[in-house]
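Take a look at the structure below.
The values are calculated or read from the model by the stated rules, or taken from the named source; none is laboratory data. Given the structure is predicted, the values throughout are model-derived calculations rather than measurements. Virtual Cβ from ideal backbone geometry, glycine too; neighbours counted across all protein chains shown. These area figures cover heavy atoms from the full protein model, side chains too; ligands, DNA and RNA do not enter into them. Shrake-Rupley method; radii C 1.70, N 1.55, O 1.52, S 1.80 Å.
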Amino acid sequence: MNGETRAERMRQPIALDVAKAAAEKYGVCVRPFTMEVEDRASYEVRYVAVPCGSTVESVCAPCAKKAKALRMAQCREGWHMTEEPDFTARQPSQDEKGLMTFRADLVKAYRDAVEAGEAGDADELREEIHSVDAELRQLGVRGRFPSPDAPGKRPVKRSTKRRQDAPNLPRRRVEKRTVGREYAGGFRPSMFVTLTLDTYGRVRDDGPPVDPDGYDYRRAARDAVHFASLVDRWWQNLRRVVGWDVQYFATVEPQKRAPPHLHAAVRGSIPHETIRLVTAATYHQVWWPNHDERVYGGDHLPVWDARAEVFVDPDTR
Ligand SMILES: [Zn+2]
């Protein structure tokens, strides 16, 4: 008998809480993803922890703090810049060009070896390619090197059907420019934009609906679920209409009536009429099944189709 009472045991911290508190104390991610990484040469599998990168403090305080600090630094250094930052890549050196050509030859030889079924040669060539990649990295070459295996890319199917009730927007090519217009006297004004969702019925001053039975909860819930995509669309549309790469800092907050809304500080000034036009024309198209009638339940459940990577009807597939 260890003489511990139940109350004492209950007071002991749960292992997960201890781990979380320790992670917060040392400023590392509290819920990292584990990624399985296979070494292509040795087929050895390693597990690598990747920070979650959340910007929400209640989800992961260390990651959110890091993200906030980064945004603050970006804002301080970038907001008042009057020239575009220079991101032109330096010219590749002779060594780099030579290695790249060598790599291309190796890839060709590797593919020939695979084609001919010469597994031993292929393995050796693959290893050689990896060591060339390592050398290129060491020289400071950025970006992803093309895989020696020609990947079978799956085409992404997209619906191009437009909503007919949304106004058409003028389209301009988006220039690689982030600095807004300069006005007489050298001013480059910025602006503040708040985007709110539509009404779902009248609400009381403290938030809840005046008429709970008449309030469109269903629409409110759906709008909240898709708010992030809708906002992405809005920025995309705005950039296409104004023709330059508008930059902003924004935060999403719940209104007193609950739906999310967006506050954004926008670098550069855009006519109010343009903001209104873009807002009126922005929508995010999603497909929802009817969800007022139960279709699956009990033993009659959708089944996973591994090849199509979707759930399908158990009878009709
Ligand atoms: Zn995290």
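Looking at ARG11, ARG111, ARG6, just one residue is surrounded by 13 or more Cβ atoms within 10 Å (Cβ to Cβ), more than 16 Å from the ligand (Cβ to nearest atom) and free of Cβ contacts under 8 Å to residues at least 40 places away in the same chain, and that residue is ARG111. The single residue among ALA67, ALA22 that is open to solvent by less than 50 Å² (accessible area, probe 1.4 Å) and within 10 Å of the ligand (Cβ to nearest atom) turns out to be ALA67. Among residues of the stretch 25-39 being within 16 Å of the ligand (Cβ to nearest atom) and surrounded by 10 or more Cβ atoms within 10 Å (Cβ to Cβ), the one that is nearest to ASP123 (Cα to Cα) is MET35. Kindly establish whether ARG103 is open to solvent by 100 Å² or more (accessible area, probe 1.4 Å) and touching a helix residue (DSSP H, G or I) at 6+ places or on another chain (Cβ under 8 Å). When the stated conditions are applied, ARG103 does not pass them. Hey, any hits in the stretch 72-88 for a residue that's open to solvent by 100 Å² or more (accessible area, probe 1.4 Å), in the same structural domain as TYR26 (by TED's automatic domain parsing) and within 15 Å of the ligand (Cβ to nearest atom)? No, that holds for no residue.
For the stretch 40-56, the condition of being surrounded by 11 or more Cβ atoms within 10 Å (Cβ to Cβ), away from the ligand (no atom under 16 Å from the Cβ) and β-branched (Val, Ile, Thr) holds for none of the residues. Take the conditions (1) without any contact (Cβ under 8 Å) to a residue 40 or more places away in the chain; (2) closer than 23 Å to TRP288 by Cβ; GLY185 misses just one of them, which is (2).
Exactly one residue among ARG103, ARG90 is at pLDDT 85 or above and of a type outside the set (Gly, Ala, Ser), and that residue is ARG103. From the set of residues in the stretch 259-298 that are more than 19 Å from SER190 (Cα to Cα) and of a type in the set (D, E, K, R), which is least open to solvent (accessible area, probe 1.4 Å)? My answer is ASP292. Checking each residue in the stretch 206-225 for being hydrophobic (A, V, I, L, M, F, W, C) and more than 12 Å from GLN255 (Cβ to Cβ) picks out VAL210, ALA221, VAL225.
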